[in-house]
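The values are calculated or read from the model by the stated rules, or taken from the named source; none is laboratory data. As the structure is a prediction and not an experimental result, all values here were calculated from the model. A quick note on method: Cβ atoms are made from the backbone with ideal geometry, for glycine too, and the neighbour counts reach across all protein chains shown. Ligands, DNA and RNA are excluded from the accessible area calculation, which covers all protein heavy atoms including side chains. Shrake-Rupley method; radii C 1.70, N 1.55, O 1.52, S 1.80 Å.
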Amino acid sequence: PKRDLSYNPLFQVMFALQKQLTTARSTPSLTWEIGEAGSLDCAMFDLTLDLVETATEIEGHFEYKTDLFDRETIARIAGHWQTLLAGIIANPEAQIAHLPLLTPTEKQTLVQKSLPDDTTVKNQGIQQLFESQAELTPDAVAVVFQGERLTYQQLNQQANQLAHYLRSLGVKEETLVGICVERSLNMIVGLLGILKAGGAYVPLDPSYPQERLAYMVEDANISVLLTQSKWQELPKNNAQVVNLDADWSKIITYSTKNPGVSAVDKNLAYVIYTSGSTGKPKGVMITHHGLRSFTQTAIQEYNITQSDRILQFASINFDAAVEEIFPCLCTGATLVLRTDEMLALPTFFKTCEELELTILDLPTAYWHQLVAELKHQDVSLPESLRLVIIGGEAVLPEPVKSWQKYVNRSGKSDRLELINTYGPTEATVVATLYRIPNHSLVGEVPIGRPLAHLQTYILDRHQQLLPVGIPGELHIGGDSLARGYLNRSGLTTDKFIADPFSEEANGRLYKTGDLAKYLPDGEIEYLGRIDNQVKIRGFRIELGEIESLLTQHTDINEAAVIVREDAGNKSLIAYIVDSSSTLQSQSVRSFLQERLPNYMMPNALVFLAAMPLTPNGKLDRRALPAPDMSKQSNTKLVEPTNDVEAQLVKIWSEVLNSDLGIEDNFFELGGHSLLAVKLIGEIERQFER
Ligand code: AMP
């Protein structure tokens, strides 16, 4: 091995156990004497434990590199070792993996219990909390979209009319109702109407390919489907379709009174589909208990009041929208629905200012780009803004530092808070949060501590608690866990396991697949995934789903999909071994486009004669070659014909980091939603339109 002087080349940790030499010895020419070894100035190895066995005890000392270990860490290791030894003596037959490691105090802090649910509101659905709010503040503005608005009373009455109509169609507890609409006032009326009728909503994104939508409609056995006139071509299976535009005249003939259907905690509130590693998306079933517990905690954590104006940013196909919509509507605050145009980076904050928004809840990937905008003179943070919530994927330290600098410089540090939230859909939106302090950041940004209504554990693969600082799989416990995956009992049993720390017989833990560790101060740090699930621009993707779909193509023998990161830009690359050697990338693209949502489409396809393998015959992901992005487009390079085209081609080339002509396809050259936002921003800046 290459020599590195910073560590010992052969081993870095030493354990030595020796018998104490008791008597001095002598030979004819030498006299031996036992003396005290003076301490060295530097550690010989990274870590040494040197023990001496005397007649009555074993004593010794640790020697360690102070660059690598803190005194507290070594003290913890010493405590673990003593606990381990005591455990061995107490139970010499125990399997090694089950021997104890944590001291009693450590164990106590790591299994802290969540707060009990406030029993006074048990079996109240979010719709009842909203109804109480509508009674308190009937004239307050509940929701705004492009100049249109509904007060709490109007929203409640419209949702009631829809709910009565849905009841007449047979919707009741546990009925799954599809909702396929674009962002609009009707979208909010629709969600509340379904919940008020006692049903659970299943969002269906109108932009998804027909085949995927058809699968979801069938898998969820959707019997009633809410939609709008422009999405009439939807796959319906056996569902009755309610057209929120065309059928509205019929709906308003129904009563405006609260339907009085009270939700039972264990009933479903919504089912959200997320990528599935076996080739099909899976529906995560969330109950009213989970939705209510989360909503109430969020209201407290974000201190939401009637004077807040909250942006509705996320698509309802993702549970981030739940965080924006329900805490807002249960406190009398105003929900402001965004438009697509609002995403343009240079004007985003300005629009937020015009809309007088106080709370933004943004995907971390989009926020990273927004922070980069703050370097422009003409961009400033809205005066009204008091809280920015980010989440969905790991937040990078650099944008956080830039943000802190900007916020401090503009004198907003005591008025504007930034919170990093973490949570899988399966644990109802958010599981942990970290309030990012305004003083400068050192190291990584933690994901913080569990919300009051749930618990987190970091466990090894034998479900044993791991000490502070040791990476393991993050598990989440508590009543707000999803009921499981719809029609996937096997997967549900694998991912939702019995909670060994719960006093309740049916306590469960969700295995997140996230690798994490506890920091000494009790915060959790996210370290990555232990499987092939990835996050790209906030979208959760199982690489196995794309791979398994590719191998369903008749001409594809093998497929592997990876994420490549170049200069902070993540892209999906698909590697294909085709049986015919004549397969065209266009044919593969069309095949995928008919089955996958845009965010799961590979940015590049690479054809290989064979997959690179490791010596033991497994796919060697690291040996997969980098794609040549310029070869991804099928078109011949067509030069610009005038100045405007030339200027546009220049902007496109810079954003895509590729040579291109006026006929090229943005998405085939690695373009994606976030780069599109960047492109629009640059065009807006240079052309002022
Ligand atoms: P989803 O179910 O779409 O919300 O995705 C949940 C997954 O996203 C988690 O299991 C994590 O892998 C990742 N994730 C969400 N929030 C964060 C965060 N703040 N930091 C790091 N990873 C995150």
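Just a few scattered comments:
- Filter result for Glu324 (among the acidic types (Asp, Glu) and assigned to a loop (DSSP other than H, G, I, E, B)): no
- Considered as a group, the residues in the stretch 460-488 that are closer than 26 Å to Ala394 by Cβ and of a type in the set (Asp, Glu) include one that is surrounded by the most Cβ atoms within 10 Å (Cβ to Cβ), and that residue is Glu473.
- Of the residues making up the stretch 378-406, those that are farther than 25 Å from Glu565 by Cβ and within 15 Å of the ligand (Cβ to nearest atom) number 0.
- Here is the figure for the stretch 525-571: residues that are in contact with a Leu (Cβ under 7 Å, 6 or more places away or on another chain) and part of a strand (DSSP E or B) total 12.
- Residue within the stretch 513-520 that is open to solvent by less than 30 Å² (accessible area, probe 1.4 Å), over 21 Å from the mean Cα position of the chain (by Cα) and more than 16 Å from the ligand (Cβ to nearest atom) present: no
- Which listed residue, of Lys350, Lys280, Lys375, is over 19 Å from the mean Cα position of the chain (by Cα), in a helix (DSSP H, G or I) and more than 16 Å from the ligand (Cβ to nearest atom): Lys350
- Lone unmet requirement of (1) touching a residue at least 40 places away in the same chain (Cβ under 8 Å); (2) over 28 Å from Gly423 (Cβ atoms); (3) not in a strand (DSSP E or B) for Asn616: (1)
- When residues in the stretch 646-689 are screened for being polar (S, T, N, Q) and in a helix (DSSP H, G or I), 4 of them pass.
- Residue among Gln128, Gln133, Gln108, Gln154 that alone is open to solvent by 70 Å² or more (accessible area, probe 1.4 Å) and under 30 Å from Leu481 (Cβ atoms): Gln108
- When Pro627 is tested against (1) without any contact (Cβ under 8 Å) to a residue 60 or more places away in the chain; (2) under 31 Å from the mean Cα position of the chain (by Cα); (3) buried (at least 19 other Cβ atoms within 10 Å of the Cβ), just one condition goes unmet, and that condition is (1).
- Residue list for the stretch 407-436, restricted to those being away from the ligand (no atom under 16 Å from the Cβ) and either of a type in the set (A, V, I, L, M, F, W, C) or on the phi < 0 side of the Ramachandran plot (or both): Val407, Asn408, Arg409, Ser410, Lys412, Ser413, Asp414, Arg415, Leu416
- Among the residues here, Ala239 does not qualify as crowded, with 21+ Cβ neighbours inside 10 Å, within 21 Å of the chain's Cα centre (by Cα) and of a type in the set (A, V, I, L, M).
- Top-ranked residue of the stretch 289-301 - restricted to ones that are surrounded by fewer than 24 Cβ atoms within 10 Å (Cβ to Cβ) and under 20 Å from Leu418 (Cβ atoms), ranked as nearest to the ligand (Cβ to nearest atom): Glu301
- Flag for Lys280 being under 23 Å from Val141 (Cβ atoms) and open to solvent by 20 Å² or more (accessible area, probe 1.4 Å): no
- Enumeration of residues in the stretch 387-410 that are touching a residue at least 40 places away in the same chain (Cβ under 8 Å) and assigned to a loop (DSSP other than H, G, I, E, B): Gly392, Glu393, Ala394, Val395, Leu396
- Set His439, His462, His453: member being at pLDDT below 95, closer than 29 Å to Asn569 by Cα and not hydrophobic (A, V, I, L, M, F, W, C): His439
- Residue-level check: of (1) out of contact with any strand residue (DSSP E or B) (no Cβ under 6 Å at 6 or more places or on another chain); (2) open to solvent by 20 Å² or more (accessible area, probe 1.4 Å); (3) modelled with pLDDT of 95 or more, Leu491 misses just (1).
- The stretch 543-567, subset within 16 Å of the ligand (Cβ to nearest atom) and open to solvent by 20 Å² or more (accessible area, probe 1.4 Å), residue modelled with the highest pLDDT: Val563
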